[in-house]
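Presented below is the structure to which this report refers.
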Amino acid sequence: MTATEKFFEKQRQPAAVFKHALLASYVAVFGTMTSSQSAGNRVWYIDGYAGPGVYDPQPGDAEGQVGSPVLALRTARRLATFTKNPRSLHCAFIEMDKGYAAKLESVMAERAFPGFNYRVLQGSVEQHLDAVVTEVGNDPLLTFLDPFGTSLPWAQMKKTLFGRPKTAANEVLLNMNLDSLRRIGGLLGKSDTSSPGDQKTLARLDTFLGDAYWRDVFVKHYRADSPGSATVAALEVAEQFRMRVLRETGYRSFTVPIRRHIDHEPIFLMTLFFTYPVAAYKFADAASSASASWRKSINEEERRRDASLYSNTLFGDDFNVQTFEDKWKRNEELLQAEWEKLIADNIVALLVTRAQFTVLDHLQEIYGPTLGLAREKHLRAAWKSLANQGKVLAPPAGPLWSAVIRRATR
């Protein structure tokens, strides 16, 4: 294996950086936004595929990577120490693997702070979810589902999670595994799928997505001799699932692709299902910050790789820390300028057919391809630029999600 191949093998790490940064940020946002809807500012967080809490160190790493339960613990500590209006984050960590569950119990016991309300439940999500959600009652609940392959059955997801009282703050964060969709969907390209193993695998995805409708969707877009078509097909299946959720439950969704590297195909779709419109705006900001952490992580991995490859060559001085830091800053400046221009162009396009509009009502159109990359500060910069050109009225000083963009009168 070459040095470059080893480097890209380690790109699981930057992908995890993105996922964990997004999760850590949004759990705190959800807790802050919804805690007033319960007695004692109580908010619940269910982690359906919790893992061991801390993973074994990879070669070259001083310590193991922390998992989602430790991130939730850190968020709970931060919310509990708010000077004004502290929040209480109650956590339920569900883990099927007995060894992982035992390790997670140990990690939590060692790291938990006094008053932290949590439990570790060994077993399947299907086994424990109904009881935990019943205990939650009408308190705000964020459920995180990050399975290795497919998640819990659609019937249970619909009834237990999306079927909660309409008055309860409720969101579901599902990390859809596109690699699994590609792999399982690829079975449909075989001349014979009658083997018990293939049938069992296909049936498992039927159960997760609700029924076999996804098979026709995948086959329509998939060509065995066209490698990229599997990704197109998987993304279309994910889109149809999101539309099904909206149609049958009223929950809208917002997706953020997760990649191992900037030039790679997405391996996951982090998907937030919500009913409160502001959630999409806040999630977009969280995704933007996570994306910046991810790009920074990739930049650091590339610096380490190139420093190792070229340290004893004539080009060694070109791969020092400062060189890569300067490169990172230049690239970020170019990216943000590009985003701001795209957002400004989208605003102008929207104003062609209307004199004004609310940001939240047109979030997708405003951000366009920058959705999940840009955030409020980029929107504000684009808005100010248009105001300076006399095309719109200036933005307000406060949060922009409820603000109205108005065409300037001449």
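Things to note:
- Restricting the stretch 383-406 to residues that are farther than 19 Å from P277 by Cβ and in contact (Cβ under 8 Å) with a residue 24 or more places away in the chain leaves a set whose member that is most open to solvent (accessible area, probe 1.4 Å) is R406.
- Across the stretch 294-305, a minimum of one residue is classified as under 16 Å from the mean Cα position of the chain (by Cα), within 19 Å of L22 (Cα to Cα) and either assigned to a helix (DSSP H, G or I) or modelled with pLDDT of 75 or more (or both).
- Only residues that are open to solvent by less than 70 Å² (accessible area, probe 1.4 Å), without any contact (Cβ under 8 Å) to a residue 40 or more places away in the chain and either of a type in the set (F, W, Y) or outside any helix (DSSP H, G or I) (or both) were counted across the stretch 118-146, and they come to 5.
- Check on Y310, surrounded by fewer than 21 Cβ atoms within 10 Å (Cβ to Cβ), at pLDDT 90 or above and among the aromatic types (F, W, Y): no
- The stretch 370-382 - residue that is in contact (Cβ under 8 Å) with a residue 60 or more places away in the chain and open to solvent by 10 Å² or more (accessible area, probe 1.4 Å) and, of those, farthest from the chain's Cα centre (by Cα): E376
- Residue among F82, F7 that alone is among the hydrophobic types (A, V, I, L, M, F, W, C), open to solvent by 60 Å² or more (accessible area, probe 1.4 Å) and at pLDDT below 95: F82
- Some residue of the stretch 40-52 being modelled with pLDDT of 95 or more, small (G, A, S) and over 20 Å from D97 (Cβ atoms): no
- Scanning the stretch 21-79 for residues that are out of contact with any strand residue (DSSP E or B) (no Cβ under 9 Å at 6 or more places or on another chain), farther than 19 Å from A280 by Cβ, assigned to a helix (DSSP H, G or I) and of a type in the set (S, T, N, Q) turns up just one, S36.
Okay, residues lined up against (1) farther than 30 Å from Y45 by Cα; (2) part of a loop (DSSP other than H, G, I, E, B); (3) open to solvent by less than 30 Å² (accessible area, probe 1.4 Å):
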residue	(1), (2), (3)
L174	no, no, yes
D179	no, no, no
G185	yes, no, yes
L188	yes, no, no
K200	yes, no, no
L205	no, no, yes
F208	no, no, yes
D211	no, yes, no
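- Residue check, K19 open to solvent by 10 Å² or more (accessible area, probe 1.4 Å) and under 26 Å from L373 (Cβ atoms): yes
- Hey, A92 modelled with pLDDT of 95 or more, under 27 Å from S38 (Cβ atoms) and either open to solvent by less than 70 Å² (accessible area, probe 1.4 Å) or assigned to a helix (DSSP H, G or I) (or both) or not: yes
- Some residue of the stretch 247-264 being of a type in the set (V, I, T), at pLDDT 80 or above and open to solvent by 60 Å² or more (accessible area, probe 1.4 Å): no
- No other residue among A238, A286 is within 23 Å of A24 (Cβ to Cβ) and open to solvent by less than 60 Å² (accessible area, probe 1.4 Å) apart from A286.
The values are calculated or read from the model by the stated rules, or taken from the named source; none is laboratory data. Computed from a predicted structure; not experimentally measured. Methodologically, a virtual Cβ is constructed for each residue, glycine included, from the backbone with ideal geometry; neighbour enumeration extends over all protein chains shown. Heads up: the accessible areas ignore ligands, DNA and RNA and are worked out on the full protein's heavy atoms, side chains in. Shrake-Rupley method; radii C 1.70, N 1.55, O 1.52, S 1.80 Å.
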